[in-house]
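The values are calculated or read from the model by the stated rules, or taken from the named source; none is laboratory data. Please read these numbers as outputs of a predicted model, since none were measured by experiment. So basically every Cβ, Gly included, is an ideal-geometry build from the backbone, and we count neighbours across all protein chains shown. Areas reflect the complete protein model, heavy atoms only, side chains present, ligands, DNA and RNA absent. Shrake-Rupley method; radii C 1.70, N 1.55, O 1.52, S 1.80 Å.
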Amino acid sequence: MPFLNTDASRMHYEAEGSGPAIVLLHGFPENGSLWQNILPQLTSYRVIVPDLPGAVGSTLERETSIDDMAGLVYDVLTQEGITRAVVAGHSMGGYVALSMARQFPQALAGLCLVHSSPFPDDEEKKANRLRVINLIERGAKEAFLDQMVPSLFAESFRTNHSSIIEQQIQRSYLMPANSIVNFYKAMMNRQSSTEILAALPFPIQWILGEEDSLIPVAKILPFTHHSATNFVSLYKGCGHMSMLEMPARLVADLNHFLEFCYQ
Ligand code: MLT
């Protein structure tokens, strides 16, 4: 079981397969197991799947920002002897991937944003994050996750796959309260990435869910043609969680993008 040991975290990651590299970054409130349907399908690649600091599998030793997390993922690549990778990030993982694109553009062969956004939090979102932090600090972790996790999925998926939703809720309970607070502070304080899109020296892929209640498609779409090479997929009937809602479609799109980035 590989780990990256730093003052911020004893950070666990999976490293499987061989070939050109892809990094899969999970969102909140998940860990690397989010990608369990996807990892075995990327058969021609070296696949790196970290548990970000504070997610189940990795410790959280101090306050860790999105930029810090990006630095730690870059350090994992260095530890693994990988000089270039396609980095795919789901939602919060996409914020980390965008920070890697800003800090270490030479290390990326492509960037894939899976239900993620280049925008920073607006004032309303920040106020909401503070409310959640307050709730969590008062001991309402389970109550918060009970309502948050189902809201990530499209309504029809929620109705037809209640056992998957329940499993995700149970997994989310394992995240310690202080990790939730750290992730929320990190997301609240992240920088805007809209201005880096035009100058990205590698292709970018956008995976969007038409029924994603967290990432408003109408706000994101105008930004999906700012870079020189853009792959855009809009999944009808999908919420925020295509790796669970539509895994075959996501695998096909990722493999297509990887082939292009490494051609
Ligand atoms: C996620 O799905 O990673 C987060 O909920 C995204 C966010 O809160 O901005």
Could you run through the stretch 223-244 and say how many residues are small (Gly, Ala, Ser), open to solvent by 20 Å² or more (accessible area, probe 1.4 Å) and without any contact (Cβ under 8 Å) to a residue 60 or more places away in the chain? 1
Taking the stretch 228-249 on its own, how many of its residues are under 19 Å from LEU111 (Cα atoms) and within 15 Å of the ligand (Cβ to nearest atom)? 4
If you go through SER44, SER33, the only one that is within 16 Å of the ligand (Cβ to nearest atom), touching a residue at least 12 places away in the same chain (Cβ under 8 Å) and surrounded by fewer than 18 Cβ atoms within 10 Å (Cβ to Cβ) is SER33
From the list ASP121, ASP146, exactly one residue is open to solvent by 10 Å² or more (accessible area, probe 1.4 Å), touching a helix residue (DSSP H, G or I) at 6+ places or on another chain (Cβ under 6 Å), of a type in the set (Asp, Glu) and within 16 Å of the ligand (Cβ to nearest atom). Which is it? ASP121
Of all residues in the stretch 208-227 being in contact with a helix residue (DSSP H, G or I) (Cβ under 8 Å, 6 or more places away or on another chain) and more than 14 Å from the ligand (Cβ to nearest atom), which is nearest to VAL149 (Cα to Cα)? GLU211
Residue pairs meeting the criteria (Cβ under 8 Å; at least 6 apart or on separate chains; first free of Cβ contacts under 8 Å to residues at least 40 places away in the same chain, in the stretch 62-74; second among the polar types (S, T, N, Q) and in a helix (DSSP H, G or I)): ALA70/SER99; ALA70/GLN103; GLY71/GLN103; TYR74/GLN103
Count of residues meeting criterion [loosely packed, with under 13 Cβ neighbours inside 10 Å and within 16 Å of GLU211 (Cα to Cα)] in the stretch 156-170: 2
So the helices (runs of 4 or more DSSP H) completely within the stretch 170-263 holding 2 or more residues that are within 26 Å of LEU42 (Cβ to Cβ) and small (Gly, Ala, Ser) are 247-261
Condition check for GLU14: assigned to a strand (DSSP E or B), among the charged types (D, E, K, R) and free of Cβ contacts under 8 Å to residues at least 60 places away in the same chain: yes
Give the residue, chosen from ALA228, ALA252, ALA186, that is at negative phi and modelled with pLDDT under 95. ALA228
